[in-house]
Amino acid sequence: MAKLAKPAVVRIDVVTCDARWMGSGFVVGDHLVMTANHVAAGASAITLQYAEGVTRARVVGLDPKTDSALLRTDDPITDKALPLARALPDLGESVGVLGFPLQTYELRFTEGSVSGLHEPVSYDGGPEIDAMVTDSAINGGNSGGPVLDSKGEVIGLVSGHRLWVTGDRSPEPAQGQGYLIPGPDLATNLDRWRSQPDQPLADCGDPYDAAGAERTIDVNVASDDRVAPDIARSLLVHGEAINTGNYDAAWQVFTPRMQRRLQSVGSWSAGLGTSYWKGISIQKVTGAADDAKVVRTILRTEQSAENGHDGQTCSVWVIDYGMVRVAGAWLINSAKSPSGPPTAC
């Protein structure tokens, strides 16, 4: 079950105008990925990590009543889309959950069963959802991931889990109370969304938008190091956040050590209002440690002549990023330009 489905399950990183989070998703068609509504809602930039690398995505459909969403990707991920179940499973049926819990970059699998078929659920005063219940282990980051039966069909999408409050203690996850969006609801949404045009992503006031410029970042991974795609994804999230003017989200891709060196979001981002990432290429990854790497990159930027080196409006930088893995995420710990100032494009 897990082996066959693995190529179709993706990690999703979302940048909004004031935050950043991650979730899971799965391929349901050509360039189409399904995830949870609460993962994709409000996105100003969406990047997906899959077995072969990273790609960007746009929102096609959102439905808070079934906590589901459909994304369209720039690049094809796999030609083996996961089939959606058109009927509810049996109570007690064995299932497997695939996803990226707790910000891990490694796909995780847990087993359980369907312990309930109809549970009214509402998140933070939102619409009531008719959810299934599973006793499978579910954590933050699993949201949007597929729940499979023994035939490999998606019987549900991970939506959330119940919190339990006792006395004055903080809420804790209730054991064995994970909520799933039923497969038939997902199939209905896919049928009505499949041919819809993309929805616009959130506009965070990027000055390049006002000038009619494109926010697309071209990504190339030339290194065959196994962590190169993961690192490229983190740098892409960083660049997408800069391009949308979401400097708080971009700041989160720095390690605490790097943040101390840069002093504050305000001081670091001063002058970035006219700077824009256009392309990044991962040339070489070095370092023996599993959680610390030096990454030789070629970065192409556009900016106003006032903020560009020697008046450049398009610059090519050679940058060695020191990247470290913290709690599963690759973060920027240092940045050096071994070749000196950038050259003009």
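Restricting segment 87-104 to residues that are in a loop (DSSP other than H, G, I, E, B) and either hydroxyl-bearing (Ser, Thr, Tyr) or modelled with pLDDT of 95 or more (or both), the residue that is nearest to Leu331 (Cα to Cα) is Thr104. Looking at Ser122, Ser113, just one residue is at pLDDT 95 or above and either under 30 Å from Asp291 (Cβ atoms) or small (Gly, Ala, Ser) (or both), and that residue is Ser113. Of everything in segment 207-224 that is in a loop (DSSP other than H, G, I, E, B) and over 19 Å from Asp74 (Cβ atoms), the residue that is modelled with the highest pLDDT is Ser223.
Condition check for Ser159 on (1) modelled with pLDDT of 95 or more; (2) assigned to a loop (DSSP other than H, G, I, E, B): one failure, at (2).
Candidates are the residues of segment 301-345 that are crowded, with 18+ Cβ neighbours inside 10 Å and of a type in the set (Ser, Thr, Tyr); the one that is nearest to Thr216 (Cα to Cα) is Thr301.
If the condition is being among the aliphatic types (A, V, I, L, M), under 29 Å from Gly140 (Cα atoms) and out of contact with any Gly (no Cβ under 9 Å at 6 or more places or on another chain), then segment 288-343 contributes Ala289, Val324, Val326, Ala327, Ala329, Leu331. The condition (being closer than 23 Å to Arg300 by Cβ, at pLDDT 85 or above and touching a Leu at 6+ places or on another chain (Cβ under 6 Å)) is satisfied by just one residue among Trp277, Trp268: Trp268. Taking segment 176-196 as the search range and keeping residues that are at pLDDT below 95 and more than 21 Å from Ser24 (Cβ to Cβ), which one is least open to solvent (accessible area, probe 1.4 Å)? Going through the qualifying residues, I end up with Gln196. Candidates in segment 140-152 are the residues that are in contact (Cβ under 8 Å) with a residue 12 or more places away in the chain and surrounded by fewer than 19 Cβ atoms within 10 Å (Cβ to Cβ); of these, the one that is nearest to Ala51 (Cα to Cα) is Gly152.
Candidates in segment 33-62 are the residues that are out of contact with any helix residue (DSSP H, G or I) (no Cβ under 6 Å at 6 or more places or on another chain) and open to solvent by 10 Å² or more (accessible area, probe 1.4 Å); of these, the one that is farthest from Glu128 (Cα to Cα) is Glu52. Taken together, the residues in segment 105-122 that are part of a loop (DSSP other than H, G, I, E, B) and under 21 Å from the mean Cα position of the chain (by Cα) amount to 3.
Each residue in segment 63-96 was checked for being in contact with a strand residue (DSSP E or B) (Cβ under 7 Å, 6 or more places away or on another chain), open to solvent by 20 Å² or more (accessible area, probe 1.4 Å) and of a type in the set (Gly, Ala, Ser), and 3 pass.
Condition check ((1) within 23 Å of the chain's Cα centre (by Cα); (2) buried (at least 17 other Cβ atoms within 10 Å of the Cβ)) across all residues:
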position: Leu262; (1), (2): no, no
position: Val265; (1), (2): yes, no
position: Ala270; (1), (2): no, no
position: Trp277; (1), (2): yes, yes
position: Ile282; (1), (2): yes, yes
position: Ala288; (1), (2): no, no
position: Arg296; (1), (2): no, yes
position: Leu299; (1), (2): yes, yes
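For segment 97-106, the candidate set comprises residues that are hydrophobic (A, V, I, L, M, F, W, C) and under 16 Å from Leu157 (Cβ atoms); within that set, the residue that is surrounded by the most Cβ atoms within 10 Å (Cβ to Cβ) is Phe100.
The values are calculated or read from the model by the stated rules, or taken from the named source; none is laboratory data. Computed from a prediction, not measured in an experiment: that's the story for all the values here. All Cβ positions, even for glycine, are placed from backbone atoms using ideal geometry, and neighbour counts span all protein chains on display. Surface areas here come from the heavy atoms of the whole protein model, side chains and all, with no ligands, DNA or RNA. Shrake-Rupley method; radii C 1.70, N 1.55, O 1.52, S 1.80 Å.
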